[in-house]
Amino acid sequence: MASVAERLQVSPFMTFFVIVSMQIGVGVLGFQRVIAKTAGHDAWISVLLAGASSHLILIVLYWLLQQADGDFLLLHQRLFGRWVGGALSSLLALYFAAMAFVVLRTYIEVIQVWMFPDLKTWEFSLAFLFLCLYITVGGFRVVVGIYFFCLIIPSYLLFTFWFVLDYTDFYQLLPILDHPPSTIVKAAKQMTLTMLGYETILLFYPFIKRGNQSAKWAHAALLTTTLFYALLTVLTLAYFSEKQLQRQIWPTLTMWKMVELPFIERFEYIGIANWLLIILPNVCLGLWCSSRICKQLFPVRQKTALLVIAAICFFSTLLIHDRKEVDFVNTILNRVGFYFLYIWIPCLAGITYIVKKVRGNV
Amino acid sequence: MSIRTALLIGFTVAILCGCLRKEILDDINIESAVGFDEAGKEKIRGTVLIPVYKKGETANKTLTAVSPTAKDVLEELQYKTSEPLVNGSIETALYGKRLAKRGIFPFVDQFHRDASIGTRLYLAVVDGTAERLLEGRYGRQGSGIYLSNLLKQNIEQRDLPKTNLHLFLKTYYADGKDPFLPYIRRVGEDVQVIGVALFRNDRMVDTIGRSDMFYFKIAADAYSEGTHTIRLNRQHYVSIKNISTKRTISFSGPKTRPHIHVHLALEGVVREYKRGAFTFDVRKSVEKTFEQQIRSKTAALLRRFQEKHIDPIGFGDLAASRYRQFRHRDFYKNYSHLPIRVTAEVTIRDTGIIE
């Protein structure tokens, strides 16, 4: 078991903050369009469905962690041997690094389109990654501290949707279940990218005091994000007409355009600037998870690994130039995330179960 | 990497990130309203209104240019100013009547696409040309604010149904609803709302006059406050204030040709009644007359929409939410022959502070 000194651990309750702020990322700005394209006004059902399925996956993740005494990478090695197991774990490191990169690049695109058209990608990317490095080098406890604030501070944004209510027609959601179940399931699958984030539990589990007690907080976190997404989807579907929604790249931001306060005429600027706080944990934990895997697999210090991964992320953000490419990397990550969580994790659980039956232990 | 190098890099990055285009208020021209008119075949005349802030009051400046497409018009105007034009605080966009008949979507889409323009932007159709309207001088705060306040006030407290950029686009893209916009006209040194312009897709096809606007608003939207005067008999009028309305539309029968029932419930307070005491009997008769007027006027309006084959009320979308596997095309094939029944229920809540 990868034992982690108690002074580096956090209380199980913090799992809630880590998972919620990891899940809420750039996906929230535009997921409604994608799922509404498939499931129309029944898209909110897909959100609930995606939420329910991620609860199941989370149960499996916890079961796997218990079988491996809390160390997921060890599980890979015990089941597949040193080389294959190591290769699988490095793929996982790549996956988390990709997550950090996709989130960062998508956010930069939002800034470029909405606020500063002449902002260079590298400028922002470099500054932001430095901030992330600074936080991540401090260790997991510091990262979690940032998480806490990055969830509490932007939470006021929820109230801004109050302004939108004036322009919502909830009859647009009727009749319920007018689309065939297959399309609703398909839209739930497209929700994967937006739901992603809770699988980081595989890596930070050893850092939680009395790890198995964190399960209830992890489930509470999933439930919270699911309900938040469902609420947002319902509002979006009532606010736009169906074909109009298809033309919005970031429906959430477009909805903010309706918010008008006496002291600020255009709220989306505040919203986008605040969104930085939501992106920050996403990138930080992505980097942290990725470097943690490297540290365990290869004979490198975590700081060195972090620097290398951040550099790779930085250069990757430069490779993406326009909307189409941003969309492309998002779709790829969505697909990879789906296969990882819904195909690989159940397979792994099956293999673990069989091996356990045969060998007696894993 | 030593801390010093890290700091140096961090510092450089922080400084470089400030190198973006600045827009200092004193050095730019802020557009507060724009207008589009037809200028011959395939040409558009664009007018922008810029407030010029002076001591005590705000003067107006208008710029006009002609060009083939909407985006170019605004580009063209840049040549005419010494300071860059900024469109972030446009509050009103006006369309000349002739252009509105030809279709305004390209000139709306441009605002939709622009991240710097808010969705609360008011759109309106001008009887005459937008250019002439924008050249007028209205109000002390500048014409731009005057125009947006005029529309805002009429929407919140008078007979204009809610409209803005978002709602126009929402109904434009909706399969079962057609857009409408305020219809305004310049009268001397004032601007008046003279009705509602009705659209099929993005083309104006009909207008509703001021006398019918009240009935249109209660059918298309809802009333939350405002005043309406009805004629009782001969020269007797009663005016009712704080009107709040609730519209209920129900469908029965097959989904391709349903029977539509529009029920309008209205509540209000008597503000002015000149003929002595406002007794129970008078109240009943006022309620009855009002109900009767709502029924006949609204029914006539709906009949007219059916004949023109437009659906500003959104019957199609409402029906789509009541029937499973609804097809708009089948519904609109029979739309002009659908039976629509209108009923009304008026309640006079109280009679003000006197009896």
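Each reported figure results from applying straightforward, stated rules to the coordinates on display, with no laboratory input. Just so it is clear, the model here is predicted, and its values are computed rather than measured. Here the Cβ is made from the backbone with ideal geometry for all residues, glycine too, and neighbour counts use every protein chain on show.
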Before anything else, pin down the relative contact order of region B:27-209: Cα pairs under 8 Å, at least 6 apart, normalised by residue count, whole percent.
21 percent
Kindly provide the helix-only [θ] at 222 nm of chain B, computed as the sum of -39,500 (n - 2.57) over DSSP H runs of four or more divided by all residues, to the nearest 500 deg cm²/dmol?
-10500 deg cm²/dmol
Can you give the relative contact order of region A:6-359 as a percent, counting alpha carbon pairs under 8 Å and 6+ residues apart?
39 percent
Which of the lysines could a cross-linker bridge to B:Lys274, judged by Cα under 22 Å and excluding same-chain residues fewer than eight apart?
B:Lys241, B:Lys284, B:Lys288
Taking just the C-alpha trace of region B:302-355, give me its Rg and Dmax in Å.
17.3, 55
Summarise the partner chain shielding of A:239-245 as one whole number: the mean count of Cβ atoms from other chains within 10 Å of each residue's Cβ.
6
Amide H neighbours of A:Ile208 at under 5 Å, excluding residues fewer than 5 places away on the same chain, with H built from the backbone geometry, are A:Val10
On the principal axes of its Cα set, how long, how wide and how thick is region B:48-191? Give whole Å, largest value first.
49, 36, 27
Show me the ranking of peptides B:118-129, A:225-236 by mean Cβ neighbours inside 10 Å, starting with the highest.
B:118-129, A:225-236
Here the whole-number average of other chain Cβ atoms within 10 Å per Cβ of A:66-74 is 0
Which order do the peptides A:253-266, B:336-349, A:190-203 come out in when sorted by mean C-beta neighbours inside 10 angstrom, highest first?
A:190-203, A:253-266, B:336-349
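Looking at this model, which pairs from B:Lys101/B:Lys177; B:Lys61/B:Lys177; A:Lys243/B:Lys333; B:Lys152/B:Lys297; A:Lys257/B:Lys152; A:Lys189/B:Lys333 are more than 27 angstrom apart at the alpha-carbon? Mind showing how you got there, number by number?
Numbers: B:Lys101/B:Lys177 18 Å; B:Lys61/B:Lys177 38 Å; A:Lys243/B:Lys333 21 Å; B:Lys152/B:Lys297 25 Å; A:Lys257/B:Lys152 17 Å; A:Lys189/B:Lys333 37 Å.
Among B:Lys101/B:Lys177; B:Lys61/B:Lys177; A:Lys243/B:Lys333; B:Lys152/B:Lys297; A:Lys257/B:Lys152; A:Lys189/B:Lys333, the Cα-Cα distance tops 27 Å for B:Lys61/B:Lys177; A:Lys189/B:Lys333.
How big is the C-alpha Rg of chain B next to the rule-of-thumb value 2.2 N^0.38 Å, as a ratio? Display every interim value, and only then the final one.
Numbers: Rg = 25.0 Å, N = 355, 2.2 N^0.38 = 20.5 Å.
Rounded to two decimals, the normalised Rg is 1.22.
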Zone residues, region B:204-220, relative to B:Ser244, backbone N less than 17 Å from point 7 Å out along Cα-to-Cβ
B:218
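Taking a temperature of 37 °C and a viscosity of 0.692 mPa s, what whole-number D in µm²/s does Stokes-Einstein yield for region A:242-348 with Rh from Kirkwood over alpha carbon pairs?
Numbers: Rh = 17.4 Å.
It comes out at roughly 189 µm²/s.
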Please compute the average number of Cβ atoms from other chains found within 10 Å of each residue's Cβ in peptide B:165-174.
5
Can you report the principal axis dimensions of chain A using only the alpha carbons, biggest first, rounded to whole angstrom?
60, 46, 35
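How big is the charge dipole of region B:27-209 about its Cα centre, in debye rounded to the nearest 20, if each Lys and Arg gets +1 on its Cβ and each Asp and Glu gets -1 on its Cβ?
On the way: 26 positive and 24 negative charges, 63 e Å.
Rounded to the nearest 20 debye, it is 300 debye.
Mind ranking A:324-332, B:177-185 by how tightly packed they are, going by the mean number of other C-beta atoms within 10 angstrom, highest first?
Working: A:324-332: 14.7, B:177-185: 24.2.
Per-residue mean Cβ counts within 10 Å order the peptides as B:177-185, A:324-332.
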Sites A:Leu119 and B:Ser285 - FRET efficiency at Förster radius 56 Å, r taken between beta-carbons, to 0.05:
0.25
Correct semi-axes for region B:139-208, from √(5λ) of the alpha-carbon gyration tensor and rounded to whole Å with the largest first, are 24, 13, 10
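Using just the helices of chain A, give the 222 nm mean residue ellipticity in deg cm²/dmol: DSSP H runs with n ≥ 4 each add -39,500 (n - 2.57), and the total is spread over all residues, rounded to 500. Walk me through the numbers on the way to the answer.
Working: 16 runs with 253 residues, N = 362.
About -23000 deg cm²/dmol.
With +1 on each Lys and Arg Cβ and -1 on each Asp and Glu Cβ, how big is the dipole of region B:48-141 about its Cα centre, in debye rounded to the nearest 20?
Values: 14 positive and 11 negative charges, 64 e Å.
Approximately 300 debye in magnitude.
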In percent, how large is the relative contact order of chain B, given Cα pairs closer than 8 Å and 6 or more residues apart?
13 percent
Looking at B:His112, B:Ser285, B:Thr298, which one has the Cα that reaches farthest to the positive end of the dipole of chain B (charges on Cβ: Lys, Arg +1; Asp, Glu -1)?
B:Ser285
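Based on DSSP H assignment, which helices of chain B show an axial Cα extent of at least 18 Å together with a mean Kyte-Doolittle hydropathy greater than or equal to 1.6?
Working: long enough: B:3-16 (20 Å, 2.09); B:143-157 (21 Å, -0.29); B:280-308 (42 Å, -0.99).
Answer set is B:3-16.
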Coarse-grained scattering of region B:222-355 at q = 0.12 Å⁻¹, given as base-10 log I(q)/I(0) from a Debye sum over alpha-carbon atoms
-0.56
Can you give the angle from 0 to 90° between the axis of helix A:140-152 and the longest principal axis of chain A, with both taken from C-alpha atoms, to the nearest 10?
20 degrees
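Roughly how big is region A:1-111's charge dipole about its Cα centre, with Cβ charges of +1 (Lys, Arg) and -1 (Asp, Glu), in debye to the nearest 20?
Magnitude of the dipole: close to 200 debye.
Could you compute how fast the protein assembly as shown diffuses translationally, taking Rh as the Kirkwood radius over C-alpha pairs and applying Stokes-Einstein at 10 °C with viscosity 1.306 mPa s? Give it in µm² per second.
On the way: Rh = 29.0 Å.
Once the numbers are plugged in, D ends up at 55 µm²/s.
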Using amide H atoms built in the peptide plane, which far-off residues or other-chain residues are under 5 Å from B:Arg341 H to H?
B:Ile260, B:His261, B:Val262
